[in-house]
Every structure is written in C-alpha cells, then in structure tokens.
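The values are calculated or read from the model by the stated rules, or taken from the named source; none is laboratory data. Every value quoted in this text rests on a predicted model; they were computed, and no experiment measured them. Please note: Cβ atoms are built from the backbone with ideal geometry, for glycine as well, and neighbour counts cover all protein chains shown.
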Ligand SMILES: Nc1ncnc2c1ncn2[C@@H]1O[C@H](COP(=O)(O)OP(=O)(O)OP(=O)(O)O)[C@@H](O)[C@H]1O
Ligand SMILES: [Mg+2]
C-alpha cells in the first residue's frame, strides 16, 4: 500500500459567533492515498465543507494536524501554506467561484499567474487544462455564456492548472443534472488514471459516493470509514 498523500489527524474545529460556540469537527481523521478517489458524505451541516477547507489550508483547525506527504501543514509559516494552496492542491468549490468578468481561459490562468509564471506559460497551462476537461472550444467564453456543467468544468480546469497531486472537490455535482454529474465523475476517473491525481469529494450524490473507491461518513464531528458501495 502506498504512502498516504494526505492525513487528517484528530481535527477539531469550533466556530465562535458572538457568545455561541459551535463545535463542528471533534476529532475527524482520514487518509487519502495517491491517485485514489475518496468520497466524503454526511448530513447537511455536519461539517464536510469545514473539513475540506481545513484540508485545503483555506482555514485553520482549532486542534489536530494535517499532514501532506508526511509534513505537518500548519507547522509551516503562512508562505508555506500559500505554496501548498497554489502548488499542491486544487480546490473545486460548490458554486464554481468563477470570476464573471474573465473568460474561461483567464479564469483558468489565475493559479499559474499567482505562482508568478509568465503570462504566455500561464495561458498555455490553462488552455491545456481546459482541453483536458473537454472545453478546448470554449476558451473565450465568459461564465455567463457557459452551461452549469461547463462552468463546473472550468472550475475543475482551474484546479488542475498547476498540476496538483490532490483535488478537493466540494459538492462538484451539487447543481448538475444526473447526466452532467456522470460526465464530471468520468472526468475525475480519467484524471485519476491518466494523471495520477487523488480526489477527495464531498457529495450528496449517492451514485458518485458509490463509485468512489473508498469513503468516509462524517457523523458527530468524526469521520467513519464506510464500506465501498454502501454510500
Ligand atoms: N464561518 C462560520 N461561522 C460560524 N459557523 C459556521 C461557519 N461555517 C460553517 N459554520 C457552521 O458549521 C456547521 C458545518 O457547516 P459546513 O458548511 O461545514 O457543513 P456541510 O456538511 O458542508 O453542509 P452541506 O452539506 O449543507 O454543505 C454548520 O452548522 C454551519 O452553520
Ligand atoms: Mg458543504
């Protein structure tokens, strides 16, 4: 069995809003190995997005550790976290988070530009990522001129531009019809096989959860491994 790519160790996360404290994660642990597709399921509000945000270093845990290739992520300084977010991991947001005034190509270029790659190279990487998701003929389209499934594929292309080993996808098919969801899932499968990318996918879609190799169900702030195929 290969070395884990990502390990969450006893993650805790509390949110404070005024005097109220909500304990969302209470010792959530999970493992993602290279080039595997792992589903994350659980009731609405249980903390799936919260967990993905911690794993993507978009937010910090209250307690616990995240190891990426064995290295403690939050022991790095801010510069190390920025590097991780830009270089090692791709994040696909539920509502795409595309910039409406930028074309598909420009949206997909952003991660490469943030890594200070020259614009010509950023354009090349973005065009390649868009071709990979089947949008080679939509480079100049603006998000408003794309279907929901196409916008989601632009968001996935943007997550791929810098060649991450891991993609964290938060409800990537949440707003899509079953056929388009299937296209997105087949895309993950192809990227897994051809590019060796690992995926951790938070999903309410039972078909998608069932097709993943492994899965975790988040219950009362902890992640329980579920048997493949039981959703
Ligand atoms: N920034 C925040 N401040 C305060 N509470 C928050 C914040 N973000 C999330 N929460 C609370 O944490 C809990 C978990 O939210 P989270 O978005 O992680 O759930 P989820 O499992 O992704 O739900 P869904 O399936 O509906 O997307 C919710 O009760 C939510 O209200
Ligand atoms: Mg969520």
Quiz prompt | Number of positions in region 54-99 that are surrounded by fewer than 19 Cβ atoms within 10 Å (Cβ to Cβ) and either in a loop (DSSP other than H, G, I, E, B) or within 13 Å of ligand 2 (Cβ to nearest atom) (or both) | solution = 12
Quiz item: Can you spot a residue in region 25-40 that is within 16 Å of ligand 1 (Cβ to nearest atom), touching a helix residue (DSSP H, G or I) at 6+ places or on another chain (Cβ under 7 Å), within 30 Å of residue 148 (Cα to Cα) and part of a loop (DSSP other than H, G, I, E, B)?
Solution: no
Quiz prompt | Given (1) modelled with pLDDT of 85 or more; (2) within 16 Å of ligand 1 (Cβ to nearest atom); (3) more than 16 Å from the chain's Cα centre (by Cα), number of the condition residue 206 does not satisfy | solution = (1)
Quiz item: Quick one: which of 212, 223 is buried (at least 21 other Cβ atoms within 10 Å of the Cβ), within 16 Å of ligand 2 (Cβ to nearest atom) and touching a residue at least 40 places away in the same chain (Cβ under 8 Å)?
Solution: 223
Quiz prompt | Single match in 133, 154 (criterion: within 21 Å of residue 199 (Cα to Cα) and at pLDDT below 95) | solution = 133
Quiz item: Can you find even one residue in region 109-126 that is within 20 Å of the chain's Cα centre (by Cα), in a loop (DSSP other than H, G, I, E, B) and in contact (Cβ under 8 Å) with a residue 12 or more places away in the chain?
Solution: yes
Quiz item: Can you name the residue in region 1-52 that is more than 24 Å from residue 207 (Cβ to Cβ) and within 16 Å of ligand 2 (Cβ to nearest atom) and is also farthest from the chain's Cα centre (by Cα) among such residues?
Solution: 22
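Is it the case, given these coordinates, that residue 105 is within 22 Å of residue 158 (Cβ to Cβ), more than 16 Å from ligand 2 (Cβ to nearest atom) and in a helix (DSSP H, G or I)?
So residue 105 fits the description; yes.
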